[in-house]
1. If you take the Cα atoms of the range 144-274, find Rg, then find the Kirkwood Rh from the mean of 1/r over all pairs, what is Rg/Rh?
2. Tilt of helix 90-121 relative to the longest C-alpha principal axis of the chain, in degrees (0 to 90, nearest 10)?
3. Taking the mean number of other Cβ atoms within 10 Å as a proxy for protection, how do you rank 171-177, 139-145, 270-276 from highest to lowest?
4. Could you give the angle, 0 to 90 degrees to the nearest 10, between helix 355-364's Cα long axis and the longest principal axis of the Cα atoms of the chain?
5. Using only the alpha carbons of the range 221-274, determine the length spanned along each of the three principal axes and report them from longest to shortest in whole angstroms.
6. Take L128, L223, L434 and order them by how many other Cβ atoms sit within 10 Å, fewest up front.
7. Taking neighbour counts of Cβ atoms within 10 Å as a proxy for exposure, in what order, fewest first, do Y67, Y300 appear?
8. How large is the translational diffusion coefficient of the chain in µm² per second when you combine the Kirkwood radius over alpha carbon pairs with Stokes-Einstein at 10 °C and 1.306 mPa s?
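Since every read-out is calculated from the coordinates, none of them should be taken as a lab result. No experiment lies behind these values; they were computed from the predicted model shown. Heads up, the Cβs are rebuilt from the backbone with ideal geometry, glycines too, and the neighbour counts pull from every protein chain shown.
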Amino acid sequence: MTETIDAGRPADADRPACRDCGAALVGGGLHVAWCADCGWNTDPGADAEEEPRGRIERVRRRLARRYGEQLFADLTATGGAGGHSARSGRGRSARLAGCLALAVHGLTVALLAAGLAMVVAGRGLVPLLGAVPILLAVVLRPRFGSLRKATADRPVLRRPDAPELFGLLDEVAATVGTTGVEAVVVDTDVNASVRTYGVRQRRVLTVGLGLWEVLAPQERIALLGHEFGHYAHGDTRHGLVVSTAFQSLDTWSYTLAPQESASLLDDLMNLATALPRAAVDGVAGLLDHLTLRGSQRAEYLADEAAARAGGSEAAATLMDRLLCAGTLDGVLRREAVAARTRRGGDRSGDPAEGLWRRLAAQAAAVPATEYERLRRVAELRGHSVDSTHPPTHLRRRLLTAGTPHEPRIVLDPERAARVDAEFAAARRTLARRLLNG
Ligand SMILES: [Zn+2]
Ligand SMILES: [Zn+2]
């Protein structure tokens, strides 16, 4: 595929000219051909990109964009994400969010207590009816998740299987000021995340090979630094009380969702649930509002942790890799389709061998002009896909503004290779699954 990209980038003289300004287009081949001078065709997908549905979501996006920009201004003014004004004001919303979340859980406790009281002290049918609030409380209880649910039959690495990897994880975690993980789940996503499970809130890291395999060693350190950074800075939304309250509210809104009106009884039920439904929506909206700014700040602070661990330069190029996540996703999808159509015909060789190598080669072949285009798209759209993250171009700009961090951890090639070797079995398994699935 590399040839196609080279073929798409002929010398200036042979390049097609911009329709609007006549300058030579850049990109082309596997990538979008666009004009770096006047911006023609920078974002051909803009029309397809759906307007967020509903007024609430539109307001949310607008707020997210404003917070992202305000925080960026604050953080650049104070010289980096560690600055003081970034932290001021965080306290009150976080405290309010905490109180609101506790109130949500308090309602669950009240339901349980009321149910028990009905069972114990009620007469006639009342003890029987007491089962309803008790059942509801059981459904609404805070859930801590389990490792089994988090893994969902994906390969899992434990400390004894992967001493080099876990050693590295401990080191990155300690550098950003937190502790490591209990297990590492491996999947094919162009992503990575850390989440907690169990009452004791143990951590599990999910590494998506779609991203991991295209990263340079220092970018991997930056990625891990970002993920652990979320725990080092006490990110409210990731916190136990608030995250479980969001889940309870989800359950409430599922329980109270209006039924399709098929009979008078449905209509009466819908009428009866209208008020609590509005209350649940209101509380969920408020909790979201109170944590939105905090979660954006947490992303900037996690980026700062990424820069401290892996160096500012690697943290910035990591942003570029994240910008082209869509391209990498496309490569993996095409590989899966190609493997399926090949089946039955050419049976020679195992296509899984080399899948990750091919992905990395494709990522390495993404030209600088495409990164530039994707940065401009992010700027034009002004928001990320998920509004809890600040816009990527601002995250990148913050990383490159101010005094750059030297990496605290340098992953030398030998160590990188030893870590890589511990992923070998998972890489094979997942490549086969992706291509045969
Ligand atoms: Zn032009
Ligand atoms: Zn993050």
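1. On the way: Rg = 19.9 Å, Rh = 17.1 Å.
Across the range 144-274, the Cα-based Rg/Rh ratio is 1.16.
2. 40 degrees
3. My ranking of the peptides, most packed first, is 171-177, 139-145, 270-276.
4. Once rounded, the angle reads 70 degrees.
5. Result for the range 221-274: principal-axis Cα extents of 60, 19, 10 Å.
6. Fewest-to-most ranking of L128, L223, L434: L128, L434, L223.
7. Values: Y67 18, Y300 25.
The order, fewest Cβ neighbours first, is Y67, Y300.
8. My calculation gives 64 µm²/s for D.
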